[in-house]
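Working notes, structure below.
Each reported figure results from applying straightforward, stated rules to the coordinates on display, with no laboratory input. Predicted, not measured: the structure shown is a model, and the values here were computed from it. Cβ placement follows ideal geometry from the backbone for every residue including glycine, while neighbour counts extend to all protein chains displayed.
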There are 2 protein chains.
Amino acid sequence: MREAYLVGAGQTAYGAFPNESYRSLFRTAFEAATNSVPKGLEAAEIDEAFVGTLGVGGRQLGLSGPAVTEHVGLDGIPCTRVENACAASGFAVRQAVQAVKSGMADVVLAGGFEVMSDTSSDATKYWLGVSGETEWERLSGTTFSGVYAQMASVHMETYGTTREQLSRVAVKNHANGSKNPHAQLGFECSLEDAQSAPVVADPLTLYHCCPTSDGAACALVVSEDVVDEYTDEPIRVAGVGAGSDDVGLFQRDTYAGVPASQRAAEQAYEMAGIGPNEVDVAEVHDCFAIAELLAYEDLGFCEKGKAGGFIESGATELDGTVPVNTSGGLKSKGHPIGATGAGQVVEAFKQLSGTAGDRQVDAPVYGLTHNVGGSGGAAVVHIFERETAVSAR
Amino acid sequence: MREAYLVGAGQTAYGAFPNESYRSLFRTAFEAATNSVPKGLEAAEIDEAFVGTLGVGGRQLGLSGPAVTEHVGLDGIPCTRVENACAASGFAVRQAVQAVKSGMADVVLAGGFEVMSDTSSDATKYWLGVSGETEWERLSGTTFSGVYAQMASVHMETYGTTREQLSRVAVKNHANGSKNPHAQLGFECSLEDAQSAPVVADPLTLYHCCPTSDGAACALVVSEDVVDEYTDEPIRVAGVGAGSDDVGLFQRDTYAGVPASQRAAEQAYEMAGIGPNEVDVAEVHDCFAIAELLAYEDLGFCEKGKAGGFIESGATELDGTVPVNTSGGLKSKGHPIGATGAGQVVEAFKQLSGTAGDRQVDAPVYGLTHNVGGSGGAAVVHIFERETAVSAR
């Protein structure tokens, strides 16, 4: 199989930007991505593009891919919009890898964007709801915080997970996010803050829920034939995995795990030829605090049911055995739906290229990203491998 | 490059089906596709799926791919929604080909669906409008018939194309559709009918415009490693091409052609190693009569500006040198947006496997499909090649 390499990735800050449009945000992310390529990369060298967005607000629901790629000067190339709810641009990155491996393209852009801050509260509820099952979730009034609250309740009931353990996810991710200039909620939060915050959907408090965000992110994937033109420190796409599932939580056998994540992880580890213990740094889908705990188990970082103790052990902190969400994650960095998956790849790129600043972990070789659509109707996992030793910076 | 093969394809009838859902329509198309595979194909053998839909009506905007693949028993496999407006499932087929060529999958489903008949007239205007440019087209009141009317006007002004020539597209496609049991408007229309019908957007009359439709279609693409398990009469995906462009017609240099189609065709011919003269049968994107005439030129079936005379010559009729839209096309067969591209592949499969019934053309070797998103913001072309002689049936 033809090898694919990640040679650049960049993003906007996440937040509320009333003076930006989805096009201008995408342009900022695109320029950050091309500028991050060690030996440079021009728009004219890009063969193909995949763009992820849910299209919150509905302003450009059709052809939103070409609408942004044309805006950054990618005239005429094949461009495809990819959508799997909150995993839209995680899947866009996967399609970029397939395009390269297929031999049909050498240099591929995978990006995503979302603008959520100009959407009313009711409309946001609709737009987030469309990533759940329509008849039995959205139209019956179930919100996404409600869905994840059910998952949290079952995990607490079954495995004895506590609300304090959920809060520790928020504390860790805000601590990381406070070191990330792109984070939307880039401030620290104490355990007391997280514990005493208003309840959104019992047992989840405000600090157990990610914000809604504007933002864009882009990644650049190239083939083995051209990688030397772009970098001397190649980061290989070692593993790719994806899975799907019933869209509605109520349709599934388990509430205390995400089977699509397990399938995606299994494929990615097999392709990469490594196990979870070899992952040096990971970005996981923490739309709600329980989602990060479930990810620890689904990705094999700890045994089933043990995620609560795992976060308490400090294993996933910046200096732990497997630092998770060094960027701040969806919780602190933000969650502009269509941008999130590509944004996770931005953090993996920074960590593996040694450019993560104050949150840099020590000489990572394998970086993993994990992006979930809805409550687990789709999931995608990438494993990136730094092939050369990290140079001193 | 690893070869990909089309081993099956099937669809629902197109029309208005108040007693069906998007899931039940998809199931019908899926079963028609698997049943069309000469040696049979079970759901459990499918490695991956791509699903195209615009999501008209908004009932399941997020994760609509997994929502239908789970319904047909494709539990857990990677499933990605692909959207490029009216070219959604044309691009889904392209992604299936990339997935196979990448080596990441051997058996891939590409399908699409749309339900439009339960949507109000105003809502339909919105949903079709989102495939145009938002600020300067949709929000300024431009409809899709208006956009294509502008293209028709410029072609008539520049090249002397006549309304009668536009009407001949309708006459031909209705004649073909009357031979297709899946056609929504499966009746013949006379030149007089087309000429005297009410004007929708000058110069386009009602018979120059396709209907809105419910429907679904599926295609099955497999790798060279497994094709023998599914058929003894392989149909190779010889060429694939795609292009993008500015989403708004007003942003482009020309109104009398679709540059994205030209780019897609050029790539597809180059990959297939053939020219337009070798195409034996084609399905082209005739959402409006002018679109079929533009396609003749963009695909190289005739010279620039000569499409009016070309339709008059009879070259694109069932017994012509290059029969076009033998299925009835979008005009007579129907245009359920997300299903259309895969539905074109269904007709190519039928023609190349000699199962097109009363509309079968004589022993075709190369079949081409051409699917356009919006007014040309995206386009995709496939060239299929029958590798064995057509057997007597």
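Label-point distances for B:T321 to the equivalent site in the other copies, using a point 7 angstrom along Cα→C-beta, read 7.3 nm when ranked shortest first. Just from its helices, what would the mean residue ellipticity at 222 nm be for chain A, if runs of 4 or more DSSP H residues each count -39500 (n - 2.57) and the sum is divided by every residue, rounded to the nearest 500 deg cm²/dmol? For chain A, the value works out to -10000 deg cm²/dmol.
With its label point defined 7 Å out from Cα along the Cα-to-Cβ axis, B:T162 lies at 8.7 nm from the matching points of the other copies, in increasing order.
How high is the relative contact order of the range B:31-101, in percent, with contacts defined as C-alpha pairs under 8 Å that are six or more residues apart? Before the final figure, lay out each step's value.
Details: 82 pairs, mean separation 24.5, N = 71.
This gives 35 percent for the range B:31-101.
Per residue of peptide A:235-247, the mean number of Cβ atoms on other chains within 10 Å of the residue Cβ is 4. Rg over Rh for the range A:20-128 works out to 0.99, using Cα positions for both radii and the Kirkwood form for Rh. Summarising the strand pairing of chain B, around 75 percent of its internal DSSP beta bridges are antiparallel. Label-point spacing at B:G300 relative to the other copies reads 4.9 nm, in ascending order, each point sitting 7 Å out from Cα along Cα→Cβ. Relative to the first principal axis of the alpha-carbon coordinates of chain A, what is the inclination of helix A:259-272, with its axis defined by its Cα atoms, in degrees from 0 to 90 and to the nearest 10? Tilt relative to chain A: about 40 degrees.
Fewest-first ordering of A:F17, B:F144, B:F50 by other beta carbons within 10 Å of each residue's beta carbon gives A:F17, B:F144, B:F50.
Near A:A238, the amide H atoms lying under 5 Å from its own belong to A:I383, A:F384, A:E385; only residues 5 or more places off or on other chains count, and H is placed 1.01 Å from N. Relative to the longest principal axis of the Cα atoms of chain A, helix A:163-177 runs at roughly 30 degrees. With respect to chain A, whose longest principal axis is taken over its alpha-carbon atoms, helix A:289-298 is tilted by about 70°.
For the residue pairs B:K304/B:K331; B:K125/B:K172; B:K125/B:K333; B:K304/B:K350; A:K101/B:K350; A:K179/A:K331, the C-alpha atoms sit more than 25 angstrom apart in B:K125/B:K172; B:K304/B:K350; A:K101/B:K350. Its Cα gyration tensor gives the protein assembly as shown an equivalent ellipsoid, and the semi-axes of that ellipsoid, as √(5λ) in whole Å with the largest first, are 45, 25, 24. Computed log10 I(q)/I(0) for the range B:169-287 at 0.10, 0.11 Å⁻¹: -0.51, -0.61, from the Debye equation with unit scatterers placed on every C-alpha and solvent omitted. For a paramagnetic label modelled on A:T162 (point 7 Å from Cα along Cα→Cβ), amide N atoms under 17 Å away belong, within the range A:196-212, to A:196-197, A:203-205. Taking 20 °C and 1.002 mPa s as conditions, chain B diffuses translationally at an estimated 106 µm²/s according to Stokes-Einstein applied to its Kirkwood radius (Cα pairs). If you wrap the Cα atoms of the range B:216-282 in a convex hull and average its projected area over all directions, you get 7.1 nm².
Evaluate E = 1/(1 + (r/R0)^6) for B:N277 and B:D358, where r is the Cβ-Cβ distance and R0 equals 30 Å; express this FRET efficiency to the nearest 0.05. Efficiency, rounded to the nearest 0.05: 0.70. DSSP assigns beta bridges within the protein assembly as shown; of those with both partners inside it, close to 75 percent run antiparallel. Remark: the B:E192-B:S140 segment gains 15.3 nm on full extension, using 0.36 nm per residue and subtracting the alpha carbon distance.
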